[in-house]
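To start, the structure under review is shown below, and the notes come after it.
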Amino acid sequence: MEGHPFARRLSVDETRLVANLTRKNVPPRDILSTLKVQNENNVSTIKTIYNAQQNIRMHEQAGRTPMQVLMSLLHTNDYVYEFTTCDSNELEKLFFIHPTSWKIWRAFPHVLIIDATYKTNKYNKPLVQIVGVTSTQKTFFVGFAFIHREKEANYTWVLNCLNSTLDTCIHPRVIITDRELALIKACETVFPDAARLLCRWHIEQNILKHCNKIITLEDDRLSFRSLWNLLIESPILMDYTEKYMRLQSMCFEIHRRYLVEQVQRNVCICLIDQHLNFGNNTTNRFESAHANLKRFLDSASSNLDRFVQRINEIVQSQLTSINESFEKSLIFRYKHHNLYCFGLLRGSVSNEALDIIVGELQRLNASKLDSSNCGCKLRTSCGLPCACMLSVYLNSGEEIPLDLIDIFWRKLSISDTKPEKKAIFVATMKLKSIKKILTSSQK
């Protein structure tokens with residue numbers, strides 16, 4: 001009797017449990033194990049679980065197409081979204097922001113890290129992921145976009161959609177990408193005032209890969225890497241120029257042009273730190289966020305509506321972590337922050353900003369810097385008082401004023417967005433999308 005389909009069927013409670021565990025992204029094999037632990041007489045197989053999940057999805061769709069389910073999901077969950085269709089009425093581009101991400105994004109629009117990835121959906125559409133950074137150095141998803149191809153026009157459309165969500169908020173001050181030329185040009189068009197940095201890690205890997213081809217001796221390779229590390233860590237332009245000339249002499253003439261091109265892409269500390277970047281000069285945050293997204297996805301070939309459902313879980317997890325970090329900055333007092341000069345800063349700026357200032361104080365004490373050789377890179381790159389400024393307050397015994405801290409570090413909540421203003425904005429975006437749907441259906 002155990003092999004008969006009748007014996008393998010699930011009870012009502014078991015079906016409900018399968019539905020709940022499926023929504024929590026539990027693998028089918030683990031769902032089956034849970035059923036057998038709860039009921040030792042259960043003789044279901046893994047195929048039973050797959051069939052149950054298929055029936056659950058069909059019930060949820062209620063006869064609608066996956067695209068209709070997707071649009072309904074975005075609409076009912078108050079997503080900020082925009083889309084376009086092609087002549088055959090098929091989805092061409094889709095941009096969306098979770099309502100919670102919308103609040104975090106408007107509170108922290110200072111840093112953007114953007115890249116496109118594949119293998120996230122069954123239609124093989126490139127996924128543009130946009131992430132941001134909070135004052136407590138937490139990474140959060142800003143928005144997502146599915147596009148047809150990685151073309152400048154598509155990237156420009158995505159960034160224009162993103163720009164429209166800011167309204168009167170501060171616009172991005174630094175944008176970090178890899179060397180995707182179409183994306184770089186789109187960023188220049190939509191956010192011309194933002195500093196644009198290329199991922200320092202990717203450039204470094206390209207440099208080392210090319211130089212390994214032309215430098216055959218291992219000792220020479222080690223010397224090159226050592227000199228390269230000294231170059232990119234050069235604190236001031238004078239040191240950078242000297243080390244760059246030494247490094248250039250190691251390369252053959254045919255490869256010098258490539259080296260010049262790569263080094264001039266703001267890969268060195270003294271060049272990167274001429275712009276506000278708040279300690280971000282690589283796309284590592286993006287890679288980490290993408291890995292986290294992959295853990296939540298069912299597979300690399302899921303429907304777009306399943307993808308959106310997983311975003312709800314990811315954003316909620318990020319919100320919990322961000323709020324926890326805010327509370328720590330408001331309440332917790334660390335021993336190394338108990339400096340008199342921090343009197344006006346504790347509880348008003350993030351603990352991460354105080355940690356950076358403590359590191360600058362240690363550099364001041366260790367090397368006995370003065371105003372002539374400070375470099376002031378902390379002030380220009382992070383918007384925090386540098387060594388020469390800190391020495392003034394240490395010598396005078398005064399507290400560091402809050403005005404010396406960039407507004408980015410002084411934001412310790414995301415609740416400043418007025419609910420009624422958000423409701424009006426979301427309602428406007430919904431109305432535009434409904435009109436598009438009606439127009440498309442009439443074609």
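The values are calculated or read from the model by the stated rules, or taken from the named source; none is laboratory data. Bear in mind that the values here come from a model prediction, so they are computed numbers and not experimental data. Note: ideal-geometry Cβ built from the backbone for every residue, glycine included; neighbour counts use all protein chains shown. All accessible areas refer to the heavy atoms of the entire protein, side chains included, with ligands and DNA or RNA removed. Shrake-Rupley method; radii C 1.70, N 1.55, O 1.52, S 1.80 Å.
Please state the shape class of the range 67-116: rounded when a/c is under 1.5, otherwise prolate if a/b exceeds b/c and oblate if not, all from the C-alpha gyration tensor.
Verdict is oblate for the range 67-116.
Quote to one decimal, in nm, the extra length available between Leu222 and Asn77 on full extension: 0.36 nm per residue of separation minus the C-alpha distance between them.
46.7 nm
For His98, His148, give me the order by solvent-accessible area with a 1.4 Å probe, most accessible first, ignoring ligands, DNA and RNA.
Putting His98, His148 in descending order of accessible area: His148, His98.
I want to check the label-to-label distance for His275 and Phe296. Put each point 7 Å from Cα in the C-beta direction and report it in nm to one decimal.
Computed distance between label sites His275 and Phe296 equals 2.9 nm.
Shape call for the range 118-188 from the C-alpha gyration tensor, a ≥ b ≥ c root eigenvalues: rounded (a/c under 1.5), prolate (a/b greater than b/c) or oblate?
Taking the square roots of the gyration eigenvalues as a ≥ b ≥ c, the range 118-188 is prolate.
With the crude spin-label approximation of a point 7 Å out along Cα→Cβ, what separation in nm comes out for Glu287 versus Thr117?
1.2 nm
Need the full-extension length gain, Arg23 to Arg8, defined as separation in residues times 0.36 nm minus the C-alpha distance. One decimal, nm.
3.2 nm
Please list the non-local residues whose amide H lies under 5 Å from the amide H of Ala195, H modeled 1.01 Å from N, same-chain partners needing a gap of 5 or more.
Residues meeting the amide H criterion: Val174, Ile175.
Could you list the GluC sites (Glu not before Pro) in the range 59-107 that lie in coil according to DSSP, counting only those with at most 11 other Cβ atoms within 10 Å of their Cβ?
Passing both the DSSP loop test and the Cβ count: Glu90.
Counting C-alpha atoms alone, how compact is the range 148-212: give Rg to one decimal and Dmax as a whole number, in angstrom.
Values for the range 148-212 (Cα only, Rg and Dmax): 14.1, 49 Å.
Using 7 Å Cα-to-Cβ label points, what is the Asn160/Glu313 separation (nm, one decimal)?
Result for the modelled spin labels: 3.6 nm.
Report the residues of the range 312-333 in range of a label on Ser413: point 7 Å along Cα→C-beta, backbone N strictly under 15 Å from it.
It comes to 323-331, nothing else.
Taking amide H positions as placed 1.01 Å from N in the peptide plane, with prolines and chain starts having none, which residues 5 or more places from Cys386, or on another chain, fall under 5 Å of its amide H?
Arg379
Quick check: with the 1.4 Å probe, what order do His75, His336 take by accessible area, largest first?
I get His336, His75, largest accessible area first.
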